[in-house]
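Novice: Encoded as structure tokens, here's the structure I'll be asking about.
The values are calculated or read from the model by the stated rules, or taken from the named source; none is laboratory data. Everything quoted here is computed from the prediction, not taken from an experiment. Cβ coordinates were reconstructed from backbone atoms using ideal geometry, including for glycine residues, and neighbour counts include every protein chain displayed.
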Amino acid sequence: MIFFKHARQSIELIESFLNKIDQGALIFKEGVLNYLYNRPEKFADNLQTLNQLETDADILKRKIETLLYTQSLMPQLRGDILRLLEELDAIINLAKTNLFQFDVEMPFIPPVLNPDLAKLTEISVSAIESVIPAAHAWFRSPETVKEQLHRVYLYEKEADKLADAIKRKVFREMPEIKLSEKFHLRYFTLHIENLSDAAQKVADTLSIMAIKRTV
């Protein structure tokens with residue numbers, strides 16, 4: 001009975017952790033949009049909220065790790081679960097770091113690029129939003145994981161294409177911008193794009209984990 005109590009507790013903690021990652025991605029998207037469209041007070045709120053979500057996720061992650069080790073829960077799967085937690089935690093860490101870079105460096109972004117960067121942010125966050133349900137599913141119905149991952153790969157490819165188009169536009173079609181500003185814009189485009197890459201990494205891990213549980 002105690003074993004099942006701890007197992008249930010660990011699953012509940014994992015689901016709470018996944019929800020924090022999902023919320024963090026949404027706050028990142030709001031933060032970028034508020035920066036692009038010059039809403040400094042809302043942007044500051046986004047920074048504070050994302051910082052708290054990242055802290056909460058770290059606390060939950062440590063609790064899950066402690067439970068898995070001290071209660072000897074799911075020993076055959078423990079290594080995979082810990083790796084999954086690390087990669088998911090990397091997503092919210094990346095989101096926090098990248099949003100804070102907007103605050104620290106205050107990049108100049110020409111308004112003409114706002115729609116493109118907003119779309120890139122939406123696509124990258126959609127990749128994260130797609131990988132979270134697949135992570136939930138791995139714990140309850142691993143046979144459904146693979147069919148849920150195709151959206152992650154689709155969004156990652158779309159983010160790559162749009163990021164490349166933005167960088168080409170900046171360097172080839174905007175002669176009025178200083179070269180230093182172009183480098184800065186490329187850097188922040190990469191910041192946003194990298195979130196979809198992090199989601200793809202989680203998807204790759206989940207795909208292998210699902211195979212292990214269903215063969």
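Novice: Quick one: in segment 66-85, of everything that is farther than 14 Å from Asn19 by Cα and buried (at least 17 other Cβ atoms within 10 Å of the Cβ), which residue is modelled with the highest pLDDT?
Specialist: Here is the first cut: in segment 66-85, the ones farther than 14 Å from Asn19 by Cα are 66-84.
Now restrict to residues that are buried (at least 17 other Cβ atoms within 10 Å of the Cβ): 67-68, 73, 80-81, 84.
Details: Leu67: 83, Leu68: 80, Leu73: 53, Asp80: 86, Ile81: 88, Leu84: 93.
Checking each candidate, the answer is Leu84.
Novice: Right, next: When you look at Glu86, is it under 18 Å from Ser10 (Cβ atoms) and of a type in the set (Asp, Glu), yes or no?
Specialist: Values: under 18 Å from Ser10 (Cβ atoms): yes; of a type in the set (Asp, Glu): yes.
So Glu86 fits the description; yes.
Novice: Could you pull out the residue among Glu122, Glu181 that is over 30 Å from Arg213 (Cα atoms) and either crowded, with 20+ Cβ neighbours inside 10 Å or under 19 Å from the mean Cα position of the chain (by Cα) (or both)?
Specialist: Glu122
Novice: Now a separate question. Which condition from (1) part of a helix (DSSP H, G or I); (2) free of Cβ contacts under 8 Å to residues at least 12 places away in the same chain is the one that Lys169 breaks?
Specialist: Looking at each condition in turn, Lys169 falls short on (2).
Novice: Look through Glu156, Glu176 and report the one residue that is within 25 Å of Pro107 (Cα to Cα), in contact (Cβ under 8 Å) with a residue 40 or more places away in the chain and among the acidic types (Asp, Glu). Break it down stepwise before answering.
Specialist: Working: Glu176 fails: in contact (Cβ under 8 Å) with a residue 40 or more places away in the chain.
The conditions single out Glu156.
Novice: Hey, another quick one. From the list Glu41, Glu54, Glu30, pick out the single residue that is in contact with a Lys or Arg (Cβ under 6 Å, 6 or more places away or on another chain), at pLDDT 95 or above and in a helix (DSSP H, G or I).
Specialist: Working: Glu41 fails: in contact with a Lys or Arg (Cβ under 6 Å, 6 or more places away or on another chain); Glu30 fails: in contact with a Lys or Arg (Cβ under 6 Å, 6 or more places away or on another chain).
So the residue among Glu41, Glu54, Glu30 that is in contact with a Lys or Arg (Cβ under 6 Å, 6 or more places away or on another chain), at pLDDT 95 or above and in a helix (DSSP H, G or I) is Glu54.
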